[in-house]
Amino acid sequence: MTLDIIVPAAGVGTRFSRCEPKQFIDLVGKPLLVHTLCIFEQIEHIKEIIVVIKQEYRSLIYDYIKKYNLRNNIKVVIGGKSRQESVYKGLSASSADRILVHDAVRPLVSVKAIRRVIKALEKRRAVTMGLPVRETVKVVDAEYLRVVKTLDRKQMWLAQTPQGFWREELLKAHFIAQKQGFFATDDVALIEAMGVDVDLIEGEARNIKITSPEDLSVVRAWLEMQTVTSGSC
Ligand code: C5P
């Protein structure tokens, strides 16, 4: 079994009030993206880490590889307009038979969790990490900010990454989605749309996706707790 990791990092962060995309923000001595890459450096048997970024940041990744002494199995691929397009471009650059997709903006995923997803891929074609929802979930008419209905919380889980796939299966799902003009905010949704079962592994509360500036302080606190800052991974 060969394994590649795709790290979509080509977003511009429209929900974030900073000029620089959040994946490049320095946190506890390293850019966010580097924190994420350093975690995957600890996983054995990875053929390539495929980092998907916007054209203008290409050279920055090569600077990071040198400065933070990252392994040279990092491949840089130019992303697309949506996350889905960026992942597809990463996927097209891979020849491994198993794929993990992990958002660049989730720098707190644990090595243990990643290993659980890889292990599940021995038997399962598609796997996602997820967390049970704690709050009560409402469907809302966004235009009038009016509650439409309340969902059954027991059935609600938040999807996290990493998500793992057999590459052929994910490629097929992306082709079908493109043909049908179907867009989703994660890759597992494309597999679901094909009617293929997706297994869920219970994830970790700390595996936060940095979306707003407030998330940064939480992630900073976690990183300060776990890191004695060093210049490299
Ligand atoms: O914005 P969103 O929540 O979809 O971002 C999730 C991840 O996908 C981020 O790491 C972001 O950089 C990446 N992304 C991408 N290409 C895009 C949009 C988002 O690689 N066009």
Practice task
Under 6 Å between Cβ atoms, at least 6 apart or on separate chains: pull out the pairs that start in region 19-44 with a residue that is closer than 13 Å to L216 by Cα and end on any residue that is of a type in the set (D, E) and open to solvent by 10 Å² or more (accessible area, probe 1.4 Å).
Solution key: V28/E224
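Yes/no matrix, rows are residues, columns are (1) at pLDDT 95 or above; (2) outside any helix (DSSP H, G or I); (3) in contact with a Cys (Cβ under 6 Å, 6 or more places away or on another chain); (4) surrounded by 15 or more Cβ atoms within 10 Å (Cβ to Cβ):
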{"residue": "Q160", "(1), (2), (3), (4)": "yes, yes, no, yes"}
{"residue": "L171", "(1), (2), (3), (4)": "yes, no, no, yes"}
{"residue": "D215", "(1), (2), (3), (4)": "no, no, no, yes"}
{"residue": "G231", "(1), (2), (3), (4)": "no, yes, no, no"}
Problem - Enumeration of residues in region 81-99 that are within 14 Å of the ligand (Cβ to nearest atom) and open to solvent by less than 20 Å² (accessible area, probe 1.4 Å) - result: Q84, S86, V87, G90, L91
Practice task
Scan region 193-209 residue by residue and report those that are part of a loop (DSSP other than H, G, I, E, B) and not charged (D, E, K, R).
Solution key: M194, G195, V196, V198, G203, A205, N207, I208
Problem - Number of the exception - V52 against (1) of a type in the set (V, I, T); (2) touching a Ser or Thr at 6+ places or on another chain (Cβ under 6 Å); (3) within 11 Å of the ligand (Cβ to nearest atom); (4) at pLDDT below 95 - result: (4)
Exercise for the section: Under 8 Å between Cβ atoms, at least 6 apart or on separate chains: pull out the pairs that start in region 131-147 with a residue that is of a type in the set (K, R) and end on any residue that is part of a strand (DSSP E or B). Expected result: K138/V147; K138/V148; K138/K149; K138/T150; R146/V140
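Does L190 satisfy being more than 16 Å from the ligand (Cβ to nearest atom), part of a helix (DSSP H, G or I) and open to solvent by less than 30 Å² (accessible area, probe 1.4 Å)? Steps first, answer last, please.
Working: more than 16 Å from the ligand (Cβ to nearest atom): no; part of a helix (DSSP H, G or I): yes; open to solvent by less than 30 Å² (accessible area, probe 1.4 Å): yes.
Taking the combined requirement at face value, the residue does not satisfy it.
The values are calculated or read from the model by the stated rules, or taken from the named source; none is laboratory data. From a predicted model like this one, the values you see are computed outputs, not experimental measurements. Neighbour counts are summed over all protein chains in view; Cβ atoms, including those assigned to glycine, are modelled from backbone coordinates with ideal geometry. Note: areas computed on protein heavy atoms with side chains; ligands, DNA, RNA excluded. Shrake-Rupley method; radii C 1.70, N 1.55, O 1.52, S 1.80 Å.
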